[in-house]
1. Could you give each residue of segment 341-358 its phi-based ³J(HN,Hα) in whole Hz, using Karplus coefficients 6.51, -1.76, 1.60 with θ = phi - 60°, and x for Gly or Pro?
2. With N set to the residue count of the chain, report its C-alpha Rg divided by 2.2 N^0.38 Å to two decimal places.
3. If contacts are Cα pairs under 8 angstrom and at least 6 residues apart, what is the relative contact order of the chain in percent?
4. Can you give the convex hull volume of the alpha carbon atoms of segment 100-180 per residue, in Å³?
5. Diagonalise the Cα gyration tensor of segment 161-276 and give the resulting equivalent ellipsoid semi-axes, square root of 5 times each eigenvalue, largest first, whole Å.
6. Would you grab the residues whose amide H sits under 5 Å from the one on HIS258? Only those 5+ places off in sequence or on another chain, please, with H modelled 1.01 Å from N.
7. Where only protein heavy atoms count, and the probe is 1.4 Å, what is the accessible area per residue for the chain in Å²?
8. Starting with the highest mean, order 90-97, 165-172 by the number of other Cβ atoms within 10 Å, averaged over the residues of each peptide.
Amino acid sequence: MGSDENIQLIRVSLIVTAPHPELRAICQRLLANVKRGLPDQTGDVLRVPARAYSDPAQWQREIEHIYLKVPLLVALSCDIPKAGDFMTMNIVGRPILIVRGDDGRARVLLNVCRHRGTLVATDECGSARVFVCPYHAWTYDRTGRLAGIPDRNSFGEPEVEGLIELPSVERAGAIFATISGDSVLNIEPWLGGMLPSLEALRLDALYPYRKTTTLKSPNWKIAADGYLDGYHIGFLHRDSIGKKSINNRNTYDCFGPHVRIGFANRRIHESETTLEADWSLVDYMSLVHYVFPNISMSGGHGEALQLSRLFPGESVDQSITVQHQYFRWPIEGEKTEAAESRRLTYEQVVRDEDYATTFGISAALSAMDNSPVIFGRNEPGNQNLHRHVARLTGCNLY
Ligand code: FES
Ligand SMILES: [Fe+2]
């Protein structure tokens, strides 16, 4: 074992054994829920008409008033740690380029050439000295500034400075942006009380596994319901990721539209006979941070974190899910096998268990006519999602 690896192990053990005090408090709440036999609950059940998931006009309002308006978490800082590192993606039809400049600032740019609209960067991620448009080779630097036009004398004066920059900010190890340039990005009020919880995840101290998983998923809210639901783990996932959990004893903390969900593991009982300073929280509990509207981060206080992004697709009944795996150490050499195994596990669970079920829901919606789907008092995360979607879209279906 080389010295670098020793340092890495020390770092990891610090992360595992010195958790944020707030995490210990969540563990205590989970144990209390296990003992009383109930999860955190909300005041009443919520009925959501099935049409809220299938109505094209409502879906269009969600694109316009949510995806194009609110700050979205578009990347983690560790996705583009160095100058020139970049990622591309398409969010509700807008091609986006996220790149770190030589000044260290992460910028979120429209990935659209100012000449005639070609995609400038075509790879999903990478590192670039400059970005050269494939059509006529206009060149943009790592800040998006237009740095070169071939045969400039023949062209005339384009009167553009560079790629269009979208409002963005980097906080708590994550990069947020608003996708329509006319929106204001005010991140602290938007994240509300979730910011300290995101900071505790130390997202900037993670390393991405560059191989991602892309899955077809149904309407984005049907898929999102699964990420906010602590009630199904022991049933739908009883033979996979649910084996270690105690079902339906979750904590739920809502921060505006965002939700943090705590999951009690079977080993949580060990905390009763262990000094608090020696608690192994990664064994006792799991956490999910749902960053509205489309990001679910599972884990993070231990050695790994899975980030799932939901992108609405081309119609109301479609979305695309992209899963990313992050670790507390760089993924290279012998670490690759474990990273790949984790990627495949989550791909399989979500595709064969969650999405197999949610595609069934999607197909059945039309048969429900006017009858609602029902969210129980034990499903406050889902209720929070639908209340905020209704508020932001002025939806009269709820
Ligand atoms: S479209 Fe990009 S250089 Fe012409
Ligand atoms: Fe699930």
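The values are calculated or read from the model by the stated rules, or taken from the named source; none is laboratory data. Since the structure is predicted, the reported quantities are computational estimates derived from the model, not experimental observations. All Cβ positions, glycine included, derive from the backbone under ideal geometry; neighbour counts span all protein chains shown. Note: accessible area is taken over every heavy atom of the protein model, side chains too, but ligands, DNA and RNA are not part of it. Shrake-Rupley method; radii C 1.70, N 1.55, O 1.52, S 1.80 Å.
1. So the Karplus estimates, Gly and Pro as x, are 5, 5, 4, 5, 4, 5, 4, 5, 4, 6, 5, 8, 10, 5, 6, 4, 6, 6 Hz.
2. Dividing the Cα radius of gyration by 2.2 N^0.38 Å gives 1.04.
3. Reported as a whole number, the value is 23 percent.
4. 106 Å³
5. Whole-Å semi-axes of the equivalent ellipsoid: 33, 20, 16.
6. Close amide H contacts, sequence-distant or interchain: PHE292.
7. 44 Å²
8. The most tightly packed comes first, giving 165-172, 90-97.
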